[in-house]
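The values are calculated or read from the model by the stated rules, or taken from the named source; none is laboratory data. Quick caveat, the model's predicted, so the values are computed rather than measured. Backbone-built Cβ (ideal geometry, glycine too); neighbour counts: all protein chains shown. Just the protein is used for accessible areas: all its heavy atoms, side chains included, with ligands, DNA and RNA removed. Shrake-Rupley method; radii C 1.70, N 1.55, O 1.52, S 1.80 Å.
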Amino acid sequence: MYGLPDDFDPATFVGCELETVTFASNAIHLALGVNHSVTATDYVRYRLGPGADLREDVLPVTDSSLPALIERSVERAEVRRPGALVLYFEGGGMILVEDADPHYESYSLKTPAGEIFV
């Protein structure tokens, strides 16, 4: 929808631990401490470890392995294209959220700097 702002620094997520993964009928919510979160409104792609298959949880989620990344910390984060955020976790896990639809919000981020809708 909007992409990420040009001044967005994905490093704000480095060091954050994935604390909870919550599924609702219209959202996948990833809590990374008190000040950071990611909420996807369509899908999330992820890998549980190095060389693992890329998985995709599409709403509504009925079965998921995503909670296996709980208690892992973000080691690195990057922006791909204007609207994709990738979080790389210790142990080789990875979560990817993308700006999938030009007409609707795909995900939101909460950081100490505020909320961003993508």
Quiz prompt | Option label - Cα extents along the principal axes in Å computed here, alternatives (1) 30, 29, 27; (2) 41, 31, 26; (3) 50, 30, 28 | solution = (1)
Quiz item: Per-residue HN-Hα couplings for the range 19-34, Karplus 6.51 cos²θ - 1.76 cosθ + 1.60 at θ = phi - 60°, whole Hz, x for Gly and Pro?
Solution: 9, 9, 10, 10, 10, 10, 5, 10, 7, 10, 10, 10, 9, 10, x, 5
Quiz item: What accessible surface, in Å², does a 1.4 Å probe find on Val61, ignoring ligands, DNA and RNA and rounding to the nearest 10?
Solution: 30 Å²
Practice problem: May I ask you to list the GluC sites (Glu not before Pro) in the range 1-60 that are in a DSSP loop and have at most 15 other Cβ atoms within 10 Å of their Cβ? | Solution: Glu19
Quiz prompt | Solvent-accessible surface ranking, highest first, for Glu115, Glu105, Glu98 at 1.4 angstrom | solution = Glu115, Glu105, Glu98
Quiz item: Given the protein chains as shown and a 1.4 Å probe, how many square angstrom of Ser106 are accessible, to the nearest 10?
Solution: 10 Å²
Quiz item: Going by accessible area, probe 1.4 Å, with all protein chains left in place, what is the ranking of His103, His36, His29, largest first?
Solution: His103, His29, His36
Practice problem: With a 1.4 Å probe and every protein chain left in place, work out the accessible area per residue of the chain in Å², rounded to a whole number. | Solution: 52 Å²
